[in-house]
1. Considering every residue within segment A:56-65, establish whether at least one is touching a residue at least 12 places away in the same chain (Cβ under 8 Å), away from chain B (no Cβ under 12 Å), farther than 30 Å from A:Ile113 by Cβ and assigned to a helix (DSSP H, G or I).
2. Within segment A:182-191, can one find any residue that is part of a strand (DSSP E or B), open to solvent by 10 Å² or more (accessible area, probe 1.4 Å) and at pLDDT 95 or above?
3. Kindly indicate whether A:Asn5 is within 13 Å of chain B (Cβ to nearest Cβ) and in contact (Cβ under 8 Å) with a residue 24 or more places away in the chain.
4. For segment B:20-36, check the following and say yes or no: at least one residue is small (Gly, Ala, Ser), on the phi > 0 side of the Ramachandran plot and open to solvent by 50 Å² or more (accessible area, probe 1.4 Å).
5. So if I check each of A:Phe156, A:Phe149, which one is among the aromatic types (Phe, Trp, Tyr) and open to solvent by 20 Å² or more (accessible area, probe 1.4 Å)?
6. In segment B:1-19, how many residues are at pLDDT 95 or above, open to solvent by 10 Å² or more (accessible area, probe 1.4 Å) and hydrophobic (A, V, I, L, M, F, W, C)?
7. Return the residue satisfying two criteria in turn: it lies in segment A:286-302 and is more than 19 Å from A:Asn191 (Cα to Cα) and in contact with a Phe, Trp or Tyr (Cβ under 6 Å, 6 or more places away or on another chain), and of such residues it is surrounded by the fewest Cβ atoms within 10 Å (Cβ to Cβ).
There are 2 protein chains.
Amino acid sequence: MQKHNFSAGPCVLPKEVIQKASEALLDFDNGLSLIEISHRSKSFVDVMEQARSLALELLGLEGKGYKALFLQGGASMQFLMVAQNLLEKKAAYLNTGTWADKAIKEAKIYADIIEVASSKDANYNYIPKGFDIPEDLDYFHCTSNNTIFGTQMKSFPKSPIPLVCDMSSDIFSRTLDFSQFDLIYAGAQKNMGPAGTTLIIVKEDILGKVSRKIPSMLDYKVHIDKSSMFNTPPVFAVYTSMLTMQWLKDLGGIKAIEQENDKKARLMYSEIDLNPLFKGFAAKEDRSDMNATFTLVNEDLKETFDTMWKEAGINGLSGHRSVGGYRASMYNALSLDSVKVLVEVMNELESKA
Amino acid sequence: MQKHNFSAGPCVLPKEVIQKASEALLDFDNGLSLIEISHRSKSFVDVMEQARSLALELLGLEGKGYKALFLQGGASMQFLMVAQNLLEKKAAYLNTGTWADKAIKEAKIYADIIEVASSKDANYNYIPKGFDIPEDLDYFHCTSNNTIFGTQMKSFPKSPIPLVCDMSSDIFSRTLDFSQFDLIYAGAQKNMGPAGTTLIIVKEDILGKVSRKIPSMLDYKVHIDKSSMFNTPPVFAVYTSMLTMQWLKDLGGIKAIEQENDKKARLMYSEIDLNPLFKGFAAKEDRSDMNATFTLVNEDLKETFDTMWKEAGINGLSGHRSVGGYRASMYNALSLDSVKVLVEVMNELESKA
């Protein structure tokens with residue numbers, strides 16, 4: 001039975017990527033497994049270099065002073081690395097929910113933080129707008145997409161200070177002028193690959209400006225100098241991310257996948273809006289193309305609905321406990337067909353009810 | 001042609017582990033790939049719990065106040081985490097080479113360090129002995145096995161302060177009274193699994209004694225409280241490490257593999273000692289059972305020897321640039337047969353020369 005994987009992450013990845021990764025475990029280089037070879041071997045150094053250059057190429061950032069790194073620790077490690085590397089006196093954060101909140105908490109260990117705006121008043125169901133970013137701070141930090149609440153920044157403020165963005169859950173999903181950002185980070189486990197590596201794209205000229213002594217493993221400059229191989233990298237996660245980026249490039253890049261993502265999101269939200277049994281959680285103008293959050297108007301239908309979608313081969317649809325209800329995560333590798341299957345089930349529930 | 005993988009790490013892993021990991025990528029849980037499922041799903045939570053309990057079981061540390069964690073970042077991240085979590089005023093380090101040296105460098109960012117002894121005077125070809133560990137310091141740190149130089153601590157000093165040990169390259173390879181250690185850490189990519197996760201075994205009662213505010217991702221207590229799932233773990237690396245530990249348990253545990261490792265090391269070193277063309281690098285009494293370092297007495301034979309071992313299906317035999325010559329890494333998953341093949345090649349070179 002075909003599976004329709006709506007998990008919020010780790011999540012669905014392209015079938016051909018998984019197939020290739022599985023084969024590389026058996027024989028990657030002359031009879032040796034991908035995970036048995038030295039990370040200093042030419043074959044793995046090539047993988048790392050290809051991953052780094054594909055990331056810049058897909059985002060249109062080649063030759064613009066940016067470096068790409070594949071590190072370990074997830075976006076959670078970036079919450080503190082951003083502060084270690086960039087925060088001297090004070091920084092500005094936009095609070096759009098759980099992840100932004102955690103980023104703020106970690107940065108506060110190092111120096112002062114101001115929240116320029118927050119949507120906490122409405123359980124983060126919208127993206128605050130119209131706030132000011134003070135000119136004399138170290139950087140401005142925001143989260144482009146909020147998996148838990150299903151909101152997404154559709155545009156980014158003109159920032160007079162370095163613009164740092166956590167793009168963990170929507171990187172490589174839509175066209176943007178990525179050169180407006182000075183630092184982008186993203187855990188791999190949504191649109192990029194398996195859990196276990198994190199992409200960091202950083203404009204070199206913003207580094208080296210804090211006075212603290214930074215431990216080597218937390219220092220972007222150290223990792224840049226060592227071409228993202230300061231220590232043994234997470235070989236499997238980097239290789240599989242490279243395959244996924246190659247898959248995206250072959251498909252036509254971000255422009256091509258954006259059209260698909262747009263179709264999926266429109267279909268999904270139109271069902272949520274038209275079907276009287278369901279109600280969207282996020283404010284319409286801030287709805288995420290990656291994660292659609294919605295609830296049943298009548299909770300009595302929960303058992304029936306849950307049985308129906310499970311029987312249709314759907315998984316990972318339960319909402320996060322902070323929101324409840326349902327969350328349909330529609331990352332790059334989820335097909336339009338899977339969204340159609342979900343929408344049909346929602347339709348069927350309506351005709352039954 | 002059969003491969004004989006003497007790589008220093010990432011290195012050879014058990015064939016059946018690689019086979020199972022490859023299959024899990026295609027179908028792990030009800031048609032879904034291991035890397036597509038939620039890390040909060042029952043099937044992955046079970047994997048993590050099994051990995052944590054196998055680690056304690058293999059080391060004989062169950063029910064003795066220890067916790068096992070699988071984190072990201074490699075041993076290099078532990079160099080700073082150990083200091084963040086345990087170093088208040090001053091700590092003692094034993095300097096047995098490159099990795100110990102790096103651990104010292106990172107710890108110095110946080111407070112004072114004293115080197116109780118160092119073998120730098122002889123390019124780290126021996127393990128210093130007979131040093132004193134001051135009673136009033138925060139902890140004593142040592143490295144059990146030194147991959148680059150091929151030395152290994154055969155016994156550990158009675159420490160009046162918490163004993164911290166980097167066991168990256170010989171964990172699970174020999175029986176020891178592991179309860180003499182208060183904190184053990186080990187990057188996975190030798191005897192435990194693929195690169196991308198690091199095992200930390202820590203006695204809980206040594207934590208919580210420093211005054212600094214520790215960022216969440218660097219705080220052992222935070223990870224313990226969250227059962228090693230504070231954030232998305234490196235799913236593939238943890239799963240494959242769990243399989244390798246299960247393989248070792250099925251084999252009879254550390255006691256059984258120690259016998260094999262002993263045979264391999266004896267065969268290897270006896271050839272190095274008896275063959276007049278070769279010379280061992282490390283002091284005899286400190287020779288590592290994991291990494292045998294040796295050089296050619298006559299460098300003119302290098303090209304011939306290199307061609308011969310490559311033709312025999314051997315790879316990863318070149319020594320580290322700090323030592324030169326050759327390094328035969330004989331981790332748990334390397335068979336005695338592979339060592340026999342190498343020894344035969346060395347024999348053949350002797351008969352030719």
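1. For segment A:56-65, residues touching a residue at least 12 places away in the same chain (Cβ under 8 Å), away from chain B (no Cβ under 12 Å), farther than 30 Å from A:Ile113 by Cβ and assigned to a helix (DSSP H, G or I): present.
2. Taking segment A:182-191 as the starting set, the residues that turn out to be part of a strand (DSSP E or B) are A:183-187.
Among the residues that remain, those that are also open to solvent by 10 Å² or more (accessible area, probe 1.4 Å) are: none.
Within segment A:182-191, not a single residue is part of a strand (DSSP E or B), open to solvent by 10 Å² or more (accessible area, probe 1.4 Å) and at pLDDT 95 or above.
3. yes
4. From segment B:20-36, those small (Gly, Ala, Ser) are B:21-22, B:24, B:31, B:33; that's our starting set.
Still in the running and on the phi > 0 side of the Ramachandran plot: B:31.
In the following step, the residues that additionally are open to solvent by 50 Å² or more (accessible area, probe 1.4 Å) were identified as none.
Within segment B:20-36, not a single residue is small (Gly, Ala, Ser), on the phi > 0 side of the Ramachandran plot and open to solvent by 50 Å² or more (accessible area, probe 1.4 Å).
5. When all the criteria are applied, what remains is A:Phe156.
6. The qualifying residues number 3.
7. That would be A:Asp286.
A quick yes/no check of all residues on (1) crowded, with 18+ Cβ neighbours inside 10 Å; (2) at positive phi:
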{"residue": "B:Leu86", "(1), (2)": "yes, no"}
{"residue": "B:Leu94", "(1), (2)": "yes, no"}
{"residue": "B:Gly97", "(1), (2)": "yes, yes"}
{"residue": "B:Ala100", "(1), (2)": "yes, no"}
{"residue": "B:Ile113", "(1), (2)": "yes, no"}
{"residue": "B:Val116", "(1), (2)": "yes, no"}
{"residue": "B:Lys120", "(1), (2)": "no, no"}
{"residue": "B:Asp132", "(1), (2)": "no, no"}
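The values are calculated or read from the model by the stated rules, or taken from the named source; none is laboratory data. These numbers were taken from a predicted model, which means no experiment stands behind them. Glycine gets a Cβ as well: all are built from the backbone with ideal geometry, and neighbour counts include every protein chain shown. Quick note on the areas: whole protein, heavy atoms, side chains included, nothing else; ligands and nucleic acids left out. Shrake-Rupley method; radii C 1.70, N 1.55, O 1.52, S 1.80 Å.
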